[in-house]
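Here the structure is laid out as C-alpha cells; the discussion comes afterwards.
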Amino acid sequence: MPDFNFTALKKLEIILDGEHQEFATDILDRAGVKGYTIITNVSGKGSHGFHEGHLMFNEDDVLIMIIAAVPEKLVNPILEGFEPFYNEHSGVVFISDIQVTRAIKFGG
Amino acid sequence: MPDFNFTALKKLEIILDGEHQEFATDILDRAGVKGYTIITNVSGKGSHGFHEGHLMFNEDDVLIMIIAAVPEKLVNPILEGFEPFYNEHSGVVFISDIQVTRAIKFGG
Amino acid sequence: MPDFNFTALKKLEIILDGEHQEFATDILDRAGVKGYTIITNVSGKGSHGFHEGHLMFNEDDVLIMIIAAVPEKLVNPILEGFEPFYNEHSGVVFISDIQVTRAIKFGG
C-alpha cells in the first residue's frame, strides 16, 4: 500500500447569490487559490447571515456554493476580501478542516 | 487585517428524499435554526442508512442535501426530531465541526 | 431525550469528471463502502489537482462530487484505488471527520 502523504488544509464553503460568482472567484484568485469547485442548484432560506437582522436569502434566489481548499494562512486574507461584500449582501462562509493527498497545487 | 471572530458550530448535512423537504425544514425551524441551504440534484445509492437491512435510496430517487450550521446544543434536539422519520424512511445526517465568522443569527 | 450513539467516520468528497462516475463507484463498492451520495451540477476551475502542472478542469466540464462516509480503515484502500486514475485524470479527494448516529451499514 502506498504511503499517502496527507496535507491539512482548510475547506471554505462560500454560499452566495450566483450573480456574484465572478466577484467571489476573483477574491480567491487574488489570494492565490489555485482552484475551486462550484455547486449550482443551491437554494437557501432564513437569516443565518453574518449580520443581525439580515435575511440571508429569499427562497427563489439562485445560489451557489464555492468550495476551495486552501492553506490556513489564506483563510484570513480571503475572509478579509469578503468582508465588505457581506456587509452589503447575504451569504455565509463555512470553514472546516480537511485533508488531501499530495496537495501540490493548492496555492498559497 | 481585521481580527475575525470565529464561532464554532456543528454542520448538519441532512440527506433525504426531496419529497420530505418541508418535514425536514419544519424540524429545523422548530429547533430554532435560523437558516439553511439546500442542494438539489443529489442522488444516492446503497444502504448507508441508519438501520441494518435498510436500502438507502434507489438510484432514481430525487434527493436533497439540507445544510444547516447550528450551535452544538441543537444537535440532539434536531436528531431527536428526525428519529421517527429515519425509522420509516431512508437517509442520513452527517455531523461535523465548522467555524463561521460573526455568526450572530445562527439560532439557538 | 434519546441517548444518541455517535460513530466517528471519515467523509470522502471525491470530485471528478462525471464521465468517470462508474469507475469511482466501482472503487467504493470493491472497498466495501455500502452507500454514497452524488451531487451533480458541479463545475470547477484551476489547478488544484494532485500533480503540479495539471490543470484540474476546464470550466465547461461536467463534474460530480461523490460523498461517502467510511470507517477510517477504508480511507487508504480507497485512495489507493484512485491513485492510478489521478495520475491520468484531474480531480481531488477531500477527507474530513464526521459523525453519524447508528451507522450500522456504513461498510468495512
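Please treat every number below as a calculation from the coordinates, not as lab data. Keep in mind that this is a model prediction, so the values were computed, not measured. Cβ coordinates were reconstructed from backbone atoms using ideal geometry, including for glycine residues, and neighbour counts include every protein chain displayed.
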Checklist outcome for this item: Sorted by chain and number, the residues with a modelled amide H under 5 Å from that of B:Ile38, at a separation of 5 or more or across chains, are A:Ser43, A:Gly44, B:Ile67
Next on the checklist: Modelling each spin label as a point 7 Å along the Cα-to-Cβ direction, I'd like the B:Gln21/A:Asp29 distance in nm, to one decimal.
Outcome noted: 3.3
Next on the checklist: For a Förster distance of 41 Å, can you work out the FRET efficiency between the beta-carbons of B:Asn5 and C:Val62, rounded to the nearest 0.05?
Outcome noted: 0.60
Next on the checklist: Quick query: amide H of C:Gly91 versus all other amide H atoms, modeled in the peptide plane; which residues come in under 5 Å with a sequence gap of 5 or more or a different chain?
Outcome noted: C:Phe50
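Any of B:Lys11/C:Lys10; A:Lys34/A:Lys73; A:Lys11/C:Lys34; B:Lys34/C:Lys11; A:Lys34/B:Lys11 with alpha carbons more than 24 Å apart? Name them for me.
Working: B:Lys11/C:Lys10 15 Å; A:Lys34/A:Lys73 14 Å; A:Lys11/C:Lys34 26 Å; B:Lys34/C:Lys11 26 Å; A:Lys34/B:Lys11 26 Å.
Beyond 24 Å between Cα atoms: A:Lys11/C:Lys34; B:Lys34/C:Lys11; A:Lys34/B:Lys11.
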Checklist outcome for this item: In order over the range C:29-42: 3J(HN,Hα) from phi, Karplus 6.51/-1.76/1.60, θ = phi - 60°, whole Hz, x for each Gly or Pro, gives 4, 5, 7, x, 6, 8, x, 7, 10, 10, 9, 9, 6, 10
